[in-house]
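The block underneath contains the structure these notes are about, expressed in structure tokens.
The values are calculated or read from the model by the stated rules, or taken from the named source; none is laboratory data. All values reported here derive from a predicted model rather than from experimental measurement. Every residue, glycine among them, receives a Cβ derived from its backbone with ideal geometry; neighbour counts consider all protein chains shown. Note: areas computed on protein heavy atoms with side chains; ligands, DNA, RNA excluded. Shrake-Rupley method; radii C 1.70, N 1.55, O 1.52, S 1.80 Å.
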Amino acid sequence: MGADQDRASFLRVKPFLADIQKHCLFLAKNDWDAEDLLQETLTKVYRSLQKAPDRELTKAFLRQIATNAWIDHCRKGKANEHPALFDEAIYLHQSRVSDAFVQREVFEQLADRLNARQMVLILMMDIFSFTAQETATLLHTTVGQ
């Protein structure tokens, strides 16, 4: 494409740019992946316009390109995963053994550094999943103390 064709293509895509950006963010769910997806989508649109300069651009057409690019991205990610690394049963079995030791060590370090009240707070809220209000009620205090 020459410079004039590039500019003409950009001017045709420009009215749809904000919508494409929102759609990419909707698909990707985070700014980094959305930005990559937007770049991929625009690249595919420009390639499409190279092949068929008279092609009509619509919001639906551009969203479909973005959606297909996201599907391709997700499929590539799945294909690159090593099945043995993500076998849930293997992962859970391996992590339980080493995690138990790490958790105990961290717990012992906390017990050495915290006073009794702080330790009880951690146990109740982080280990036993009490809310701050429930913990305060059980300890006969307020949430802010």
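Would you grab the residues whose amide H sits under 5 Å from the one on Phe130? Only those 5+ places off in sequence or on another chain, please, with H modelled 1.01 Å from N.
Result for Phe130 returns Met125.
Given a 1.4 angstrom probe, I'd like the percentage of the accessible area of region 1-66 that is carbon and sulfur, rounded to a whole number.
Answer for region 1-66 is 53 percent, counting heavy atoms of protein chains only.
Which of the peptides 37-44, 127-134, 24-31 is most tightly packed, and how do the rest follow, going by the mean number of other Cβ atoms within 10 Å of each residue?
Listed from highest to lowest mean packing, they are 37-44, 24-31, 127-134.
Taking the solvent-accessible surface of protein heavy atoms with a 1.4 Å probe, what is the per residue accessible area of region 9-52 in Å²?
65
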